[in-house]
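Undergrad: The structure under discussion is supplied below as structure tokens; questions concerning it will follow.
The values are calculated or read from the model by the stated rules, or taken from the named source; none is laboratory data. Treat the numbers as computed from the prediction; the structure is a model and nothing was measured. FYI the Cβ positions are ideal-geometry reconstructions off the backbone, even for glycines, and counts take in every protein chain you see. The accessibility values were calculated without ligands, DNA or RNA, using every heavy atom of the protein model including side chains. Shrake-Rupley method; radii C 1.70, N 1.55, O 1.52, S 1.80 Å.
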Amino acid sequence: SYKDERTILIAKNRLFRTNRTNDNIAGISAIPDALLISLDNNNKLQLSLVEYECYGEGKTRSTDKSRYLNSHIIPQLMQFASSFSIITDSSLREATIKDWIAKIIDYTSENKQLSDKIDTWVKAIQPSISTRAIISFFEKRLREAFESNIHVFLIIDELSYDQKETIKNIITSFKVENGNSVVFDASVVKLVQKISFVNQDYEYALTAQ
């Protein structure tokens, strides 16, 4: 679903803050674990706020998992979705968007591989564009994505269909600037012992469901 040549993953923790006020909820982080920028099949930018969660060996009972899901995971995902929703004060939302765009531009400009990838994306959208205009064009497309194509992406080691649908209903209740809903994506990953006759160096692998 996310091909390397059409994605940029910024996994630099603490770079992107969603809550610019001092009214943080205790125990709820306002910072996603990563930001995934992707170019979809229609050559539109999609922005996914990625959250990694793991019940692991610390939460084995269903009640423990349910409590953690309801008290920590869901409120955190709601925090992410609300930051770019029209329910948030427009001046705060605008400040967050400007800050994130500036950080994206700075981060990608420092890496030639990422800069080249952005050049390729922009030229695919606007073949006749001049080199000097690429950054401003990319900034404009980023803003459009913040106003129309925000996703909240949960990566976790256990998630039932009913839980996924519940979270989806909550997240899609948040609307962005152009009236679209924030989209909820989820992927279940598990660490498994790998049996391989090709490469004996790897003992474990991640499976994605």
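Undergrad: Looking at the structure I just gave you, is Gly27 outside any strand (DSSP E or B), in contact with a His (Cβ under 7 Å, 6 or more places away or on another chain) and either modelled with pLDDT under 85 or open to solvent by less than 70 Å² (accessible area, probe 1.4 Å) (or both)? Let's see the steps before the verdict.
TA: Working: outside any strand (DSSP E or B): yes; in contact with a His (Cβ under 7 Å, 6 or more places away or on another chain): yes; either modelled with pLDDT under 85 or open to solvent by less than 70 Å² (accessible area, probe 1.4 Å) (or both): yes.
Against the criterion (outside any strand (DSSP E or B), in contact with a His (Cβ under 7 Å, 6 or more places away or on another chain) and either modelled with pLDDT under 85 or open to solvent by less than 70 Å² (accessible area, probe 1.4 Å) (or both)), Gly27 qualifies.
Undergrad: If I ask for residues that are of a type in the set (Lys, Arg), open to solvent by less than 80 Å² (accessible area, probe 1.4 Å) and farther than 14 Å from Leu45 by Cβ, which ones from the range 101-122 would you list?
TA: Going through the range 101-122, the residues of a type in the set (Lys, Arg) turn out to be 103, 112, 117.
From what's left, open to solvent by less than 80 Å² (accessible area, probe 1.4 Å): 103, 117.
Residue satisfying the conditions is Lys103 alone.
Undergrad: In the range 70-83, which residues are closer than 17 Å to Ser181 by Cα and open to solvent by 30 Å² or more (accessible area, probe 1.4 Å)?
TA: Residues satisfying the conditions are Met78, Gln79.
Undergrad: A follow-up question, please. Of the residues Ile155, Ile170, which single one is in a helix (DSSP H, G or I) and hydrophobic (A, V, I, L, M, F, W, C)?
TA: Ile170
Undergrad: Given the structure, is Ser1 at pLDDT below 95 and either more than 17 Å from the chain's Cα centre (by Cα) or assigned to a helix (DSSP H, G or I) (or both)?
TA: no
Undergrad: Please find, among Ile135, Ile155, Ile86, Ile125, the residue that is more than 30 Å from Leu191 (Cβ to Cβ), open to solvent by 30 Å² or more (accessible area, probe 1.4 Å) and touching a strand residue (DSSP E or B) at 6+ places or on another chain (Cβ under 7 Å).
TA: Ile86
Undergrad: Please indicate, with yes or no, whether at least one residue in the range 177-194 is β-branched (Val, Ile, Thr), at pLDDT below 95, exposed (fewer than 12 other Cβ atoms within 10 Å of the Cβ) and not in a strand (DSSP E or B).
TA: Within the range 177-194, none of the residues are β-branched (Val, Ile, Thr), at pLDDT below 95, exposed (fewer than 12 other Cβ atoms within 10 Å of the Cβ) and not in a strand (DSSP E or B).
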